[in-house]
1. Can you find a residue in the stretch 82-94 that is in a loop (DSSP other than H, G, I, E, B), among the small types (Gly, Ala, Ser) and assigned by TED's automatic domain parsing to the domain that holds Val57?
2. How many residues are farther than 22 Å from Gly56 by Cβ and surrounded by 13 or more Cβ atoms within 10 Å (Cβ to Cβ) when one looks only at the stretch 122-153?
3. Mind checking which residues of the stretch 120-140 are over 19 Å from Met88 (Cα atoms), assigned to a strand (DSSP E or B) and not basic (Lys, Arg)?
4. Is at least one residue of the stretch 154-163 surrounded by 14 or more Cβ atoms within 10 Å (Cβ to Cβ) and modelled with pLDDT under 85?
5. Mind checking which residues of the stretch 85-100 are within 20 Å of Met122 (Cα to Cα) and over 14 Å from the mean Cα position of the chain (by Cα)?
Amino acid sequence: MAVFTAKNRKGAFQLSLGFIITVVFAIVLLSLAIVWLQGLIGGIEDISNQLIQQAGVKLDETFQDSEVNFAIWPPDGPPYQVPVGTKMAVVAGIRNDAADSQAHTFGVLIERVSEPSGATTMPVLESVPPPKTVPFRGDPAKFPLLITIPEGATQGVYIYRITACSDADDYGSDCPDSITDAPELWGTAKDFVLEVTGR
């Protein structure tokens with residue numbers, strides 16, 4: 001039968017204490033490594049929610065103050081500057097003022113039509129929101145289109161064409177595969193000009 005002396009107990013305690021310290025140290029190092037990797041890999045500043053909220057207000061103002069039935073925000077016009085390492089949103093808004101005074105299903109199509117010469121790494125377009133049914137002269141439908149500009153994206157001007165479509169016409173409820181497949185289906189197509197800059 002083994003006899004535990006004070007010396008044996010002290011050695012066992014020191015071994016347990018050393019093991020605990022090693023585990024705690026390993027957890028701290030792992031946590032620091034995860035934070036470092038998130039900063040290295042996932043260091044994308046997400047301003048999409050902020051832009052979506054701003055767009056909601058701006059598009060509502062546009063539809064209240066004019067007779068347009070399709071608009072985007074940020075608006076088509078001068079380049080909208082966004083630095084690399086950013087996730088942003090451009091929002092398309094559609095008001096149903098169909099001639100038949102009925103609810104209709106609407107969707108949007110976005111396509112990059114121009115990029116800087118020699119561009120290699122480009123902004124990444126996220127999935128387009130599904131079509132929505134919009135009541136006649138009800139609240140406008142809003143379609144947030146998310147664009148991620150990764151670190152290392154080629155700087156310069158990119159042009160995206162945003163087209164709206166509806167089952168209120170002869171082209172069906174789905175947007176065509178390409179904006180070249182059909183004419184502008186609802187309102188007038190909008191060009192969103194994005195300028196990618198350095199930090």
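The values are calculated or read from the model by the stated rules, or taken from the named source; none is laboratory data. Everything quoted here is computed from the prediction, not taken from an experiment. No Cβ is skipped: glycine too gets one built from the backbone with ideal geometry, and neighbour counts run over all protein chains shown.
1. Of the stretch 82-94, the ones in a loop (DSSP other than H, G, I, E, B) are 84-85.
So of that shortlist, the ones also among the small types (Gly, Ala, Ser) come out as 85.
Of the ones still in play, those that are also assigned by TED's automatic domain parsing to the domain that holds Val57 are 85.
Checked against the condition, which is being in a loop (DSSP other than H, G, I, E, B), among the small types (Gly, Ala, Ser) and assigned by TED's automatic domain parsing to the domain that holds Val57, the stretch 82-94 yields at least one hit.
2. Taking the stretch 122-153 as the starting set, the residues that turn out to be farther than 22 Å from Gly56 by Cβ are 122-124, 149-153.
Next cut, surrounded by 13 or more Cβ atoms within 10 Å (Cβ to Cβ) only: 122-123, 149-151, 153.
Total satisfying the criteria: 6.
3. Matches in the stretch 120-140: Thr133, Val134.
4. Taking every residue of the stretch 154-163 in turn, none turns out to be surrounded by 14 or more Cβ atoms within 10 Å (Cβ to Cβ) and modelled with pLDDT under 85.
5. none
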